[in-house]
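Visitor: Just passing along the structure, written as structure tokens.
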Amino acid sequence: MPSTRSIEILRLRKTVRAVCQHEDVDRALAIVLRLLSEAHGWAVAEAWVMRSDGSAFEMAPVCYCRDDRHRPFVDVALGFVVDRGIGLPGAAWESGQPIVTPDVLAEPRFARAVLVGEFGLRGALTVPVPAAEPAVILSFFDTQPRELDLELVESLTEVGPDIASLVRRRHQGLDLERQFRITEQRYRSLFDRSPAGLFIADMDGTIVDGNPSLTKIMGGATRAYVVGRRFSEFFVDPGEWTRIVARLSSQPSLTDLELRLRRDDGEIRWILTNIVKVDDKPGASHVEGVLLDLTERKTKETS
């Protein structure tokens, strides 16, 4: 007679398969992350989706966070792209095997290791969803070191083709106009609600858009405080933006940059930033990035 846990797992897999038929692909993927995380006791889950041309994986705009304080940890990587062998998702893609990381603080391939301590995350499991071809890589994190979660891996082996089919439908863009509206609204909502400072800027450093958290970090009260101004106006070293742009000419993204901002009232703030260069068309680009305020941590380190 099957055990209670076996029955629960079978029911979970059946539910995941049913969810994968939902017409709102991103919503379905978010529900799948929640179901798997709750059933197997993980605190955070995110999805890396293969680009339609097969060139790389990029972070999908969906996640699961058992505790809202972990959301900035995911937001930092929102929209980032990884190549084969780069970072934990890229390493899982290259090997085709799950990668268990008992303690990400000791994992040199993990790009966000500098942030993990602040958010209390330790154990990780990165799994390329089994299917005929790679379509999605799921990353799970917990607040304590974890060993290989064989039960979760087995579940993904069973439902892998359903999740892969879901992602392929995402690529096919069923009902493109509706999906565009949903995605645009979701990105705007994520953008505005994120506790991390998010921005879009021209290559000369002019801020085109920023969320409320960015405005707060920069010392303003409204979005109008930052939009239209250049980062060189805020950096303690005005030449910092020129050096950032120079580095972006040879590499598409910069991570874990520690910089200093000077607010209009003269207060100095330490920030940690990730910046990515986005090519709009030949000869035209812009940058997008994330700011985290490290001032309080820096103050504690020096006191």
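Visitor: Tell me, please, whether a residue that is without any contact (Cβ under 8 Å) to a residue 40 or more places away in the chain, in contact with a strand residue (DSSP E or B) (Cβ under 8 Å, 6 or more places away or on another chain), within 27 Å of Ala111 (Cα to Cα) and among the aliphatic types (A, V, I, L, M) can be found in the stretch 187-206.
Guide: No, because not a single residue in the stretch 187-206 is without any contact (Cβ under 8 Å) to a residue 40 or more places away in the chain, in contact with a strand residue (DSSP E or B) (Cβ under 8 Å, 6 or more places away or on another chain), within 27 Å of Ala111 (Cα to Cα) and among the aliphatic types (A, V, I, L, M).
Visitor: Moving on. Can you name the residue in the stretch 232-246 that is open to solvent by 20 Å² or more (accessible area, probe 1.4 Å) and in a helix (DSSP H, G or I) and is also nearest to Met203 (Cα to Cα) among such residues? Write out each step before concluding.
Guide: To start, the set of residues in the stretch 232-246 that are open to solvent by 20 Å² or more (accessible area, probe 1.4 Å) comprises 232-233, 236-240, 242-243, 245-246.
So of that shortlist, the ones also in a helix (DSSP H, G or I) come out as 232-233, 240, 242-243, 245-246.
Numbers: Ser232: 12, Glu233: 15, Glu240: 13, Thr242: 9, Arg243: 12, Val245: 7, Ala246: 10 Å.
Residue satisfying both the conditions and the ranking: Val245.
Visitor: Kindly indicate whether Pro195 is open to solvent by 30 Å² or more (accessible area, probe 1.4 Å), outside any loop (DSSP other than H, G, I, E, B), modelled with pLDDT under 90 and not hydroxyl-bearing (Ser, Thr, Tyr). Show your work before the answer.
Guide: Working: open to solvent by 30 Å² or more (accessible area, probe 1.4 Å): yes; outside any loop (DSSP other than H, G, I, E, B): no; modelled with pLDDT under 90: yes; not hydroxyl-bearing (Ser, Thr, Tyr): yes.
Answer is no for this residue.
Visitor: Checking the structure you have, find out if any residue of the stretch 144-162 is at pLDDT below 80, surrounded by fewer than 21 Cβ atoms within 10 Å (Cβ to Cβ) and not in a strand (DSSP E or B). Don't jump to the end; show me each part of the working.
Guide: Our first condition is that a residue be at pLDDT below 80; within the stretch 144-162, this holds for none.
No: zero hits.
Visitor: Determine, yes or no, whether Arg122 is closer than 29 Å to Thr273 by Cα and in contact with a Phe, Trp or Tyr (Cβ under 9 Å, 6 or more places away or on another chain).
Guide: On the way: closer than 29 Å to Thr273 by Cα: yes; in contact with a Phe, Trp or Tyr (Cβ under 9 Å, 6 or more places away or on another chain): yes.
Taking the combined requirement at face value, the residue satisfies it.
Visitor: Can you tell me which residues in the stretch 11-28 are of a type in the set (Gly, Ala, Ser) and open to solvent by 10 Å² or more (accessible area, probe 1.4 Å)? First the steps, then the outcome.
Guide: If we filter the stretch 11-28 for residues that are of a type in the set (Gly, Ala, Ser), which is where we start, we get 18, 28.
Hit for the stretch 11-28 is Ala18, nothing else.
Visitor: Go through the stretch 247-282 and give me each residue that's without any contact (Cβ under 8 Å) to a residue 12 or more places away in the chain and part of a strand (DSSP E or B). Don't jump to the end; show me each part of the working.
Guide: Within the stretch 247-282, the first condition is being without any contact (Cβ under 8 Å) to a residue 12 or more places away in the chain, and the residues that meet it are 247, 249-251, 266, 278-282.
Residues satisfying the conditions are Val278, Asp279, Asp280, Lys281.
Visitor: Determine which single condition Ala111 fails, assuming it passes every other condition in (1) within 18 Å of the chain's Cα centre (by Cα); (2) open to solvent by less than 60 Å² (accessible area, probe 1.4 Å); (3) among the small types (Gly, Ala, Ser).
Guide: Here Ala111 meets the rest and fails (2).
Visitor: OK, next. Assess whether Ala92 counts as being at pLDDT 85 or above and either closer than 17 Å to Leu36 by Cβ or acidic (Asp, Glu) (or both). Walk me through how you get there before you give the answer.
Guide: Numbers: at pLDDT 85 or above: yes; either closer than 17 Å to Leu36 by Cβ or acidic (Asp, Glu) (or both): yes.
Answer is yes for this residue.
Visitor: Still on this structure, please answer the following. Can you tell me which residue is most open to solvent (accessible area, probe 1.4 Å) among those in the stretch 29-60 that are at pLDDT below 90 and among the small types (Gly, Ala, Ser)?
Guide: Only one residue tops the list, namely Ser52.
The values are calculated or read from the model by the stated rules, or taken from the named source; none is laboratory data. None of these values were measured; they are calculated from a predicted model. Reconstructed Cβ throughout: ideal geometry from the backbone, glycine too, with neighbour counts over all protein chains shown. Only protein heavy atoms, including side chains, enter the accessible area calculation; ligands, DNA and RNA are left aside. Shrake-Rupley method; radii C 1.70, N 1.55, O 1.52, S 1.80 Å.
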